[in-house]
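Trainee: One structure, as structure tokens, below. Some questions next.
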Amino acid sequence: MKRLGLGLPLAAGVLVALAGQAAFAEDGEIKVGVVAAESGSFVSAGNTIAAAAKLATQQINDAGGIKVGGKTYKFKLFIRDDRTDVDTAIAAARELVNDVGVSAIWGTESHDFSVSMGKITGPAKVLQFSGNSSLGGVLSDETVAKGGWLHYAFQTEPQEWQRSTSTAKGVTSLIGPKLDHPIKHSVVFVGNDATGQYLSENYVKALQAQGETVDLVKYPPDTTDFAPLLTRVKSLNPDVVHFWYNGDSTLIAFPQALKLGVAPSYFLFGVDPGIYKERGLKADQPVTMSCVPVCWGAAPFSAVKDYFEKYFALGAAKGPQSSVSLLYYDYFFMYAKALEEVGTLDDPDAVVDALLKMQYQGVVSAVPLTFNAHHQVTFATEVCLADPGSSDKFKCAVEQPPAAAPTAN
């Protein structure tokens, strides 16, 4: 068993080709793909997928490759920019599956994109690892069963009700003591696209379960002048405004909200404390932020700190959602371990079974990663509070996911 630079155990066999996919050449290349938004409105999350894939494949290849069945293989990575456009994502998936012949695809982040890709990867028996929690809306007993169109798809972040509930708990516990009255009313400010609609639905329920009244205000995804909508939000007199879910849009809207004095406190979903510090953001009001799953600017574990040092050293941008890369990195090694345990290059169903039985200790979680019967994982969420008037002083908490979905009080 080899160990890579992060101290993570890596079994002797890694990514191999699946039946009928021509995913490796005679020289031992193993073709894997990435479909991600390296441009467009969701770039801050999308570009982290490619960066994580580059780091994982580089570490594996630099370690000498992987032996499978007495032969040595190395990764060959094929990255496609979906431009935050569903038609481009579909075309990229078709090319990678039908023309390139990849054995697995990592991506994409957006709900309708990953679902559409699943209709391509599934029939081709190509494994798909997507950090899109809204996959939970279609991962069911029927769809993940052998022969189901999502049998080869795995959701690499928690079910949305778990993440929303742990996030809401963290936000309330950090902001509550900073206000002179209990939090009774929140506004969730979200982009009006498929992902925003799905994610905000769960988050609203999580806040309501804490006894809050919640208003949902949506904005067009490409908005840059948020003043009219934020003026409306201010008129609702919220205790907290929750900017949900697109970090790029939030970093435009949040300074505008501060100028307008919209609320006495704020939550910035998917904005890392590191980017808050680098951009010199400050507020007189308490501001919380969260990372998916843990922050590069306030790394809670030594393994996370080590990971991000290597991640940024490879040239990855320090973005508001760089932590999203961890939703993809660990799963290269889980996939590798599964293939080694299966011991063959042509049995994707056995690979799925091995993944479902696996417990893997990686970077993303302090406890081993395991997939449930619906091909989903569970891990915690980090939430941080910036001291009022400060850009670099944070109090952070790692919130564990709940055991059951929230119910309204």
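Trainee: Read through the list (1) within 30 Å of P402 (Cβ to Cβ); (2) touching a strand residue (DSSP E or B) at 6+ places or on another chain (Cβ under 7 Å); (3) buried (at least 16 other Cβ atoms within 10 Å of the Cβ); (4) not polar (S, T, N, Q), then give the number of the only condition that K205 fails.
Mentor: Going through (1) within 30 Å of P402 (Cβ to Cβ); (2) touching a strand residue (DSSP E or B) at 6+ places or on another chain (Cβ under 7 Å); (3) buried (at least 16 other Cβ atoms within 10 Å of the Cβ); (4) not polar (S, T, N, Q) one by one, K205 breaks only (2).
To keep it simple, each residue is scored yes or no on (1) more than 19 Å from S325 (Cβ to Cβ); (2) modelled with pLDDT of 95 or more; (3) part of a strand (DSSP E or B).
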| site | (1), (2), (3) |
| --- | --- |
| K76 | yes, no, yes |
| D99 | yes, yes, no |
| I105 | no, yes, yes |
| L135 | no, no, no |
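Trainee: So F154 passes all but one of these: (1) over 16 Å from I105 (Cα atoms); (2) under 15 Å from the mean Cα position of the chain (by Cα). Which condition number does it fail?
Mentor: With respect to (1) over 16 Å from I105 (Cα atoms); (2) under 15 Å from the mean Cα position of the chain (by Cα), F154 is out only on (1).
Trainee: Taking the stretch 135-159, which residues are charged (D, E, K, R) and in contact with a Leu (Cβ under 6 Å, 6 or more places away or on another chain)? Don't jump to the end; show me each part of the working.
Mentor: If we filter the stretch 135-159 for residues that are charged (D, E, K, R), which is where we start, we get 141-142, 146, 157.
The one that is charged (D, E, K, R) and in contact with a Leu (Cβ under 6 Å, 6 or more places away or on another chain): E157.
Trainee: I want to confirm something. Restricting to the stretch 176-202 and keeping residues that are surrounded by fewer than 15 Cβ atoms within 10 Å (Cβ to Cβ) and touching a strand residue (DSSP E or B) at 6+ places or on another chain (Cβ under 8 Å), which single residue is modelled with the lowest pLDDT?
Mentor: N192
Trainee: Pull out all pairs, ordered by first then second residue, where Cβ-Cβ is under 6 Å, the residues are six or more apart or on different chains, the first lies in the stretch 300-323 and is in a loop (DSSP other than H, G, I, E, B), and the second is modelled with pLDDT of 90 or more and of a type in the set (D, E).
Mentor: P300/E382; P320/D272
Trainee: Turning to a different aspect of this structure: Count, please, the residues in the stretch 210-243 that happen to be in contact (Cβ under 8 Å) with a residue 60 or more places away in the chain, under 24 Å from the mean Cα position of the chain (by Cα) and surrounded by 13 or more Cβ atoms within 10 Å (Cβ to Cβ).
Mentor: 2
Trainee: Of the residues A405, A350, A336, only one is aliphatic (A, V, I, L, M) and farther than 28 Å from A63 by Cα; which?
Mentor: So the residue among A405, A350, A336 that is aliphatic (A, V, I, L, M) and farther than 28 Å from A63 by Cα is A405.
Trainee: Continuing with this model, one more query. Considering the stretch 98-118 alone, what residues qualify as being of a type in the set (A, V, I, L, M), surrounded by fewer than 24 Cβ atoms within 10 Å (Cβ to Cβ) and touching a Ser or Thr at 6+ places or on another chain (Cβ under 9 Å)?
Mentor: Across the stretch 98-118, the qualifying residue is only V115.
Trainee: Can you find even one residue in the stretch 168-189 that is closer than 30 Å to L127 by Cβ and under 23 Å from the mean Cα position of the chain (by Cα)?
Mentor: Pass one, the stretch 168-189, residues closer than 30 Å to L127 by Cβ: none.
Looking for residues that are closer than 30 Å to L127 by Cβ and under 23 Å from the mean Cα position of the chain (by Cα), one finds none in the stretch 168-189, hence no.
Yes/no per residue for (1) at pLDDT 95 or above; (2) in contact with a helix residue (DSSP H, G or I) (Cβ under 9 Å, 6 or more places away or on another chain); (3) over 24 Å from T165 (Cβ atoms):
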residue: S249; (1), (2), (3): no, no, no
residue: A253; (1), (2), (3): yes, yes, yes
residue: L258; (1), (2), (3): yes, no, yes
residue: V262; (1), (2), (3): yes, yes, yes
residue: G270; (1), (2), (3): no, yes, no
residue: L281; (1), (2), (3): yes, yes, yes
residue: P300; (1), (2), (3): no, no, no
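Trainee: Over 22 Å from D349 (Cα atoms), assigned by TED's automatic domain parsing to the domain that holds F154 and crowded, with 20+ Cβ neighbours inside 10 Å: which single residue out of D62, D87, D82 fits that description?
Mentor: After applying the criteria, what remains is D82.
Trainee: Filter the stretch 349-367 for residues that are over 18 Å from P401 (Cβ atoms) and not in a loop (DSSP other than H, G, I, E, B) and give the result.
Mentor: D349, A350, V351, V352, D353, A354, L355, L356, K357
Trainee: Which one is nearest to V398 (Cα to Cα), of the residues in the stretch 156-168 that are touching a strand residue (DSSP E or B) at 6+ places or on another chain (Cβ under 7 Å) and either in a loop (DSSP other than H, G, I, E, B) or small (G, A, S) (or both)?
Mentor: Ranking the candidates gives S166 first.
Trainee: Sticking with this structure for a sec: Would you check if K146 is part of a loop (DSSP other than H, G, I, E, B) and charged (D, E, K, R)?
Mentor: Details: part of a loop (DSSP other than H, G, I, E, B): yes; charged (D, E, K, R): yes.
Yes; evaluated as a whole, the condition is true for this residue.
Trainee: Looking only at the stretch 315-353, which residues are farther than 30 Å from T288 by Cβ, aliphatic (A, V, I, L, M) and at pLDDT below 95?
Mentor: M334, A336, A338, L339, V342, L345, A350, V351 - these are the residues of the stretch 315-353 that are farther than 30 Å from T288 by Cβ, aliphatic (A, V, I, L, M) and at pLDDT below 95.
Trainee: Just to be sure, is L326 more than 30 Å from I175 (Cα to Cα), under 20 Å from the mean Cα position of the chain (by Cα) and hydrophobic (A, V, I, L, M, F, W, C)?
Mentor: no
Trainee: Looking at this structure, is E142 buried (at least 24 other Cβ atoms within 10 Å of the Cβ) and over 15 Å from V97 (Cβ atoms)?
Mentor: So E142 does not fit the description; no.
The values are calculated or read from the model by the stated rules, or taken from the named source; none is laboratory data. On a predicted model such as this, the values are computed, not experimentally measured, just so you know. Cβ sites come from the backbone with ideal geometry, for glycine too, and all protein chains shown count toward neighbours.
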